[in-house]
1. Within the set of pairs 6+ apart or on separate chains, which have a first residue in the stretch A:271-288 that is within 9 Å of chain B (Cβ to nearest Cβ), a second that is acidic (Asp, Glu), and C-beta atoms under 6 Å apart?
2. Mind listing whichever residues of the stretch B:286-320 are within 12 Å of chain A (Cβ to nearest Cβ), open to solvent by 20 Å² or more (accessible area, probe 1.4 Å) and in contact (Cβ under 8 Å) with a residue 40 or more places away in the chain?
3. Sort out which residues of the stretch B:104-118 are surrounded by fewer than 18 Cβ atoms within 10 Å (Cβ to Cβ) and part of a strand (DSSP E or B), and write them in order of number.
4. So if I check each of B:347, B:283, which one is part of a loop (DSSP other than H, G, I, E, B) and more than 17 Å from the chain's Cα centre (by Cα)?
5. Is there a residue in the stretch A:370-383 that is under 19 Å from the mean Cα position of the chain (by Cα), modelled with pLDDT of 95 or more, of a type in the set (Gly, Ala, Ser) and part of a helix (DSSP H, G or I)?
6. Being at pLDDT 95 or above, among the charged types (D, E, K, R), part of a helix (DSSP H, G or I) and surrounded by fewer than 17 Cβ atoms within 10 Å (Cβ to Cβ) is true for just one of B:417, B:334. Which residue is that?
7. Quick check on residue B:138: is it more than 14 Å from chain A (Cβ to nearest Cβ), open to solvent by 10 Å² or more (accessible area, probe 1.4 Å), among the basic types (Lys, Arg) and in a helix (DSSP H, G or I)?
8. State all residues of the stretch B:368-388 that are in contact with a helix residue (DSSP H, G or I) (Cβ under 6 Å, 6 or more places away or on another chain) and surrounded by fewer than 21 Cβ atoms within 10 Å (Cβ to Cβ); if no residue qualifies, say none.
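The values are calculated or read from the model by the stated rules, or taken from the named source; none is laboratory data. Just so it is clear, the structure is predicted and the values come from calculations on it, not from any experiment. Methodologically, a virtual Cβ is constructed for each residue, glycine included, from the backbone with ideal geometry; neighbour enumeration extends over all protein chains shown. The accessibility values were calculated without ligands, DNA or RNA, using every heavy atom of the protein model including side chains. Shrake-Rupley method; radii C 1.70, N 1.55, O 1.52, S 1.80 Å.
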Amino acid sequence: MISYDYFILDNGLKVYVHQDYSTPIAAVNIIYNVGSRDEEEHKTGFAHLFEHLMFGGSKNIPSYDTPLQKVGGENNAFTSPDITNYYITLPAVNIETAFWLESDRMLSLSFDQKVLDVQQKVVIEEFKQRYLNQPYGDVWLKLRPLAYQVHPYKWATIGKEIAHIEDAVMDDVRSFFYKHYLPNNAILVVAGPISVEEVKQLAKKWFEPIPAGKLSPRNLPQEPIQTASRFLEVTAKVPLDAIYKVYHTQGRHDVGYNAVDLASDILGRSKSSRLYEKLVKEQPIFNSINAYVTSSLDPGLMILQGNLNKGISIEEGDAAIQEVLNDFLKNPVSEEELTKVKNQAESTLVFSEVELLNRAMNLAFASNAGDVEYANLESSKIQAVTVDDISQQANRILTKENCSTMYYRAN
Amino acid sequence: MILDRVKSPAFQTIKQVSIPKIESIMLSNGIPVHYISIGEQPVVKLEISFDAGNWYEKQNGVSLFVAKMLGEGTKKYSSSQISAFFDQYGAFIEFGHGLDRANITVYGLTKYLPTLLPMVKEILENAVFPEDELEKFKKIQLQTLEVNAGKTSFIANKVFRKKVFGDNHSYGNSLDEEAIQAINRDTLLDFYQSFWLGKKPRIFLSGKITESEVNLLEDFFGKNDVQSIVKDISLNKDEYNLIEKSVLIEKEDSIQSSIRMGKQMMTRKHPDYFKMLVLNETLGGYFGSRLMSNIREEKGLTYGISSNIAPFSKAGYFVIGTDVKRENTQQTIDEIYKEINILQRELIKDGELEVVKNYMIGSFAGSLNTPFDILDRYKVILSEELSLDFYDCYIQNIQAITAEMVLEVANQHLAIDSLVEIVVGGK
């Protein structure tokens, strides 16, 4: 359970306060309801590039990082297909510095051409370091457009190609800022040894003067139901053949999500999962294998992926996975197996609440997704899943028609 | 009143951080147990740590294999049964391995600790390293190694450690194909018997716990006789001289180069340790560091560059690491030397030194957020046999560092000629 108080400013900024007096440190988390799914198809990677620009100076403050470091604070940010999230931890006595910095960059960036020039280069090096200069690094650049034909999830958050990042200009930066970086498109969570009154006073002082803006409705094209299996084969300079099988599932907070999530755990979360037990331990077909879901807000994916042992063909591996799936679909999951994955999920959830910053983020994500209570309902949703739910969801999702398969061959 | 958004709000420098105290007891057989109970979440972490890391092995890879294979079969249970057991209770078991020590760590909900302990004991006392599991494990390791061999950063790290510690120092060892192939069940059993079985570990317990969890440890681990191992076993660690300053490993198909530069460095007990910490932070320890400001934020040559001090029991190293576009490799190396040179010639300005120190102190305070973090700090003190007030004095020690001291250690410990330079990729 994560306790919280809530208020909203006149400009529409939602504020949550999670009090914890056991630490001298405060966490300040701001989530903007914009991610790579909000990009245009010919300007991908922009939400993430923009996140870099948020550290390049704001209207009244030339450097974001230095003043924060000076008061003993740390910060970072990340962008996903759904959201952009910024966070600070700092000594609670210096919390006003966080309000000062975050509110000024919400008010306006400096829109400095030099910052854009440099960050374009930085992001291009990031693109290369993480996606191109790594074995299997480009897997998601290829899988996304295979699984999604219409929805913007079809491009990766880093961008579809480097050229899109190179082509970004200051006008794009300005319009993106004024379209998405609005107080009424953001949620602020403050956690730590601090009273609600103090947060209220600081929030009113620093954030309330920022004018609200007009939000355009998000009309994303939704992915049509996949009716035929898809297949892609690529070759790359990697040592082991790999196989990826992805299936469309529901979104993070849609009915049935938890059953699907637990189904993926039964299949391939840990060493006692079905895929690992059968295809790594019993018959040594795979070097590694696992299953997981993307947990995106719009309908996501379940992924089964494995690296094959040398001497086993991808086709054999594919057939072996299919056999495990057939057995999973035909025979009901035992209560014991369900209890196991529930215990794992429960344990992960409790551990995720140990860190103050994670508690702040959990609240921010839940509120952004539509209901802050999602953060505290998760446990009962997990416990409510039945053997029948698993079987029903698995039979709905794990069909051949709903599957996109990629063979990633070593050359 | 109009809000002044230009002027920064008033702030305080952290003078002191009160680190919650731990409790320590001794089991009947002399095993020390250190524990702390804080936090609201009903979780527990149990770590049983042995002097069984790289330092103690005669054959490359053996200490790693022993640690990683403890859970692959015992007298009573198979590998699969062991995994299934921990999974059933939503617990996570990890087999940690480092240059000095190795450990078994279990995370779980506190209510399951009594149920989990018998299996932990079984693994510790009755591991059998089954032949078939060893073969599977070797195969997985070999293939993982092959995947990693495709990563310039992985190769660079490995070559760097080898260069810095030399061929005859176990800190320089990392797994290679030959080492993996050479491992057999007998060598594992031998190491297990010499460094794990019946040996005296340190036990660390943290989370939301009560006396009853602590008392359980006596029942499970306090009864058998245990021996300390000879800590300073010397394994022909030849004196090491830097012979080859730069190493270039060409990888034609790589679009970036991984650069690692550095040298062997002191342990935490060295009188210059805190001076080096501040120097390191200034040079490349945080986002506002000189290397980040110059090479990323000014020139856009990389996604990230950092420097690090890694102290272990017997020695340590200092490393600067970054990945850059191939054609920018030499420019980046030149800029790194330039920044070190500046630190050797010019005193840091007060403003910058203040930022560095405040940042270090703030992030130290911020790193003590969970019961696990706090006990981990103590674990370092206890395992390295440092003075118990090491962290209590941490802030004072950082505050005491002057610009002159930083300049002095930059000259003394970062002489340009003494740094190795590893490039994997191309220039």
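1. Taking only residues 6 or more apart or on different chains, the pairs are A:272/B:87.
2. Hit for the stretch B:286-320 is B:288, nothing else.
3. B:105
4. Details: B:283 fails: part of a loop (DSSP other than H, G, I, E, B).
One residue alone meets the criteria, B:347.
5. The answer is yes; a qualifying residue exists.
6. B:334
7. On the way: more than 14 Å from chain A (Cβ to nearest Cβ): no; open to solvent by 10 Å² or more (accessible area, probe 1.4 Å): yes; among the basic types (Lys, Arg): yes; in a helix (DSSP H, G or I): yes.
Judged against the criteria, residue B:138 is not a match.
8. Narrowing the stretch B:368-388 to residues in contact with a helix residue (DSSP H, G or I) (Cβ under 6 Å, 6 or more places away or on another chain): B:368-369.
B:368, the sole residue that qualifies.
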